[in-house]
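This report concerns only the one structure given below.
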Amino acid sequence: MTEATETRPGLDRDASRSVLAEAARRRTFAIISHPDAGKTTLTEKFLLYGGAIAEAGAVKARDGRRRATSDWMALEQQRGISITSTVLQFTYRDHVVNLLDTPGHRDFSEDTYRVLTAVDAAVMVLDMAKGIEPQTLKLFEVCRAEHVPILTFVNKADRPGRDPLELLDDIEARIGVRPTPVTWPVGEPGALRGVLDRRDGTFVRFVRSVHGATEAAEEVVGPDQAAAEEGPAWREATEACALLDEVGADLDVKTFLAGESSPLFVGSALTNFGVRHLLDAVVDLAPPPAPRLDAAGRPRPLEAPFAGFVFKMQANMDPAHRDHVAFVRVCSGRFARGMVTTHGTTGKPFATKYAAALFGAERTTIDEAFPGDVVGLVNASELRIGDTLHAGDPVTFPPIVSFAPELFVTARNVDTSRAKQFRRGLEQLEREGVIQVLVDPRGDPTPLLGAVGPMQFDVAAHRLANEFGATVVLEPTALRDARLTDASTADVLVGEPGVRVVRRRDGALLALFESRFRRERLASEHPGWRLDPVVGDGGPGANLGS
Ligand code: G4P
């Protein structure tokens, strides 16, 4: 939050104040988890507690009769997962909460990473029985690299799970973030009695709500009553908490905001237990939007004229309207629908006549937005991921770094009469950041597609067929490792077995190897060759991923 109370020259004092006040009410975060840990369930419960839905059961329709709120692609429905990111907005305790959904599939995808560039905090959901899982680990790394503060929710505490002290050790050892439990389970794993709230020592009894469709009743009792009623279970919990006190595992806002510690809550999303604690923590602990640094490292004041950046592109979300939606995170100022902004990359005016708030598959037109909010700009085909839009003083936010692709397939168009559609489809998918299209500089017409997670290829093939009528066959390759190279190195690499040279959209040449080991050997044998780490095609920045 900015402490600035002065207004900027030329800006109306009241307008500035209102932008600052609106920004201070915003909490923009994402839920990240390994599939099955309970992200969908928790999302739905947040909406229930935020009053956005009257009864749980709407987000992920179990029987397929009700339309799922965050499922809009046929593929999502087939697989029962959420691939596209949605933005859900609701109010809670007079705060505007923006919950950005992240793809929930097993493979890490760049889409999730980009969502994390647009949030101010993240809620990490862990399954109490499983703890840290592979996907969780990668997402934590991304949060750390982006300095995103993380709240941890240990879910499924109603079921048998791991010893919670062991879980804490595991979190700290594997991700290097110190968990600081705010609530602690009372009762053996599998026989949950409730939680001890370490902030005031009270006992919150676990009451099962009927299927968790409505808010859980909350019964809070003092420590003496808890000791009398819960006996050994309470004693064990207080002993564990004394241990936590001793090691200093206490809530520490400063280290939380720095991404070094993570306030931890225990609960059960299915039965709504602990959901309110967590949502209160989102409002009370997660930071409001802060001035975002521009490409030169200067903060853009929140009350400066409107500026935002595109973190996601999505085409054809609505099959009835072949449209492109650019999701823009507002960083400063007041966004007003219809305002003419400047597209930072081209310097051209960009009109925002069609601005929408997207709630799952439903769209409503929005008239204004403030820092922390996400605006969906419809018919935004000229925008790209990472682009800045601004009004007033120009600003360019740093480009969104893309990952070095780690998997490559050849994409063969089955029906040559659909060559144009095939090409157009690939261009579109690349623009949206679904896959990278890599072409042979020597003229082989079959492109290679590059991605970080295999699911990205499935999405590409599905969309090429469904949206562009181009059926493709994707053939796996043994290539695994990409390096930036130059024309002279490319010339000598062409003769090397197990190596391919391709050209990226921005013209850069990439050398692809079957293994890192092979590449390292070639590099040590030929120190003059240029084989540099791949940085995102957007420009400078760390290369997360390699
Ligand atoms: P995800 O989005 O992270 O993939 O997870 P999701 O919420 O879909 O939850 C995965 C499974 O875990 C679901 O069961 C869900 O009901 C269950 N679950 C979520 N939270 C809790 C909890 O607190 N306690 C218990 N016991 N279970 C929980 P499912 O059998 O796969 O689906 P369904 O038939 O219940 O929909």
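The values are calculated or read from the model by the stated rules, or taken from the named source; none is laboratory data. Every value quoted in this text rests on a predicted model; they were computed, and no experiment measured them. Cβ: placed from backbone, ideal geometry, glycine included. Neighbour counts: every protein chain shown.
Can you tell me which residue is surrounded by the fewest Cβ atoms within 10 Å (Cβ to Cβ) among those in the stretch 517-546 that are modelled with pLDDT of 90 or more and among the charged types (D, E, K, R)? First the steps, then the outcome.
Step one: of the stretch 517-546, the residues modelled with pLDDT of 90 or more are 517-532.
In the following step, the residues that additionally are among the charged types (D, E, K, R) were identified as 518-521, 525, 530, 532.
Numbers: ARG518: 16, ARG519: 20, GLU520: 13, ARG521: 12, GLU525: 8, ARG530: 16, ASP532: 11.
So the residue we want is GLU525.
Does any residue of the stretch 379-396 turn out to be at pLDDT below 85, crowded, with 21+ Cβ neighbours inside 10 Å and closer than 30 Å to ALA21 by Cα?
Yes, that holds for at least one residue.
Kindly indicate whether ALA173 is closer than 30 Å to PRO454 by Cα, in the same structural domain as LEU196 (by TED's automatic domain parsing) and assigned to a loop (DSSP other than H, G, I, E, B).
Here the answer is no, as ALA173 does not meet what is asked.
Please find, within the stretch 144-177, the residue that is farthest from the ligand (Cβ to nearest atom) out of those that are of a type in the set (Lys, Arg) and either modelled with pLDDT under 90 or under 19 Å from ALA240 (Cα atoms) (or both).
Filtering the stretch 144-177 for residues that are of a type in the set (Lys, Arg) and either modelled with pLDDT under 90 or under 19 Å from ALA240 (Cα atoms) (or both), the one farthest from the ligand (Cβ to nearest atom) comes out as ARG144.
Quick one: how many residues across the stretch 124-138 are away from the ligand (no atom under 14 Å from the Cβ) and in a loop (DSSP other than H, G, I, E, B)?
So the answer is 1.
Please state which one of ALA226, ALA216, ALA242 is in the same structural domain as ILE132 (by TED's automatic domain parsing), away from the ligand (no atom under 16 Å from the Cβ), in contact with a helix residue (DSSP H, G or I) (Cβ under 7 Å, 6 or more places away or on another chain) and farther than 30 Å from PRO399 by Cα.
Going through ALA226, ALA216, ALA242 in turn, the sole match is ALA226.
Looking only at the stretch 139-169, which residues are in a helix (DSSP H, G or I) and closer than 17 Å to ASP101 by Cα?
Those that are in a helix (DSSP H, G or I) and closer than 17 Å to ASP101 by Cα: LEU139, PHE140, VAL142, CYS143.
State all residues of the stretch 245-279 that are in a helix (DSSP H, G or I), farther than 25 Å from ALA145 by Cα and away from the ligand (no atom under 16 Å from the Cβ); if no residue qualifies, say none.
Hits for the stretch 245-279 are ASP245, GLU246.
Restricting to the stretch 464-498, name every residue that is among the hydrophobic types (A, V, I, L, M, F, W, C), surrounded by 19 or more Cβ atoms within 10 Å (Cβ to Cβ) and in contact with a strand residue (DSSP E or B) (Cβ under 9 Å, 6 or more places away or on another chain). Can you show your working first?
Initial filter on the stretch 464-498 (among the hydrophobic types (A, V, I, L, M, F, W, C)): 464-465, 468, 470, 472-474, 478-479, 482, 484, 487, 490, 492-494.
Applying the additional criterion that residues be surrounded by 19 or more Cβ atoms within 10 Å (Cβ to Cβ) yields 464, 468, 470, 472, 479, 482, 490, 493.
Those that are among the hydrophobic types (A, V, I, L, M, F, W, C), surrounded by 19 or more Cβ atoms within 10 Å (Cβ to Cβ) and in contact with a strand residue (DSSP E or B) (Cβ under 9 Å, 6 or more places away or on another chain): LEU464, ALA470, VAL472, LEU479, ALA482, ALA490, LEU493.
Any idea which of (1) surrounded by 15 or more Cβ atoms within 10 Å (Cβ to Cβ); (2) more than 19 Å from LEU42 (Cβ to Cβ) is the one PRO160 doesn't satisfy?
(1)
For every residue, the table says whether it meets (1) touching a Gly at 6+ places or on another chain (Cβ under 6 Å); (2) in a strand (DSSP E or B); (3) acidic (Asp, Glu).
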residue	(1), (2), (3)
GLY386	yes, no, no
LEU389	yes, yes, no
ASP444	no, no, yes
ASP458	no, no, yes
ARG463	no, no, no
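So is ALA240 small (Gly, Ala, Ser) and at pLDDT 95 or above or not?
Taking the combined requirement at face value, the residue satisfies it.
What do you reckon, is PHE206 aromatic (Phe, Trp, Tyr), in the same structural domain as LEU42 (by TED's automatic domain parsing) and under 23 Å from the mean Cα position of the chain (by Cα)?
Here the answer is no, as PHE206 does not meet what is asked.
Quick one: would you say GLU239 is farther than 20 Å from GLY274 by Cα and more than 27 Å from the chain's Cα centre (by Cα)?
yes
Given the conditions (1) in contact with a strand residue (DSSP E or B) (Cβ under 6 Å, 6 or more places away or on another chain); (2) closer than 24 Å to VAL375 by Cα; (3) more than 15 Å from the ligand (Cβ to nearest atom), which single one is not true for LEU100?
(3) is the only condition that LEU100 fails.
Go through ALA54, ALA58, ALA37, ALA30 for me and flag whichever is modelled with pLDDT under 85 and within 15 Å of the ligand (Cβ to nearest atom).
The match here is ALA58.
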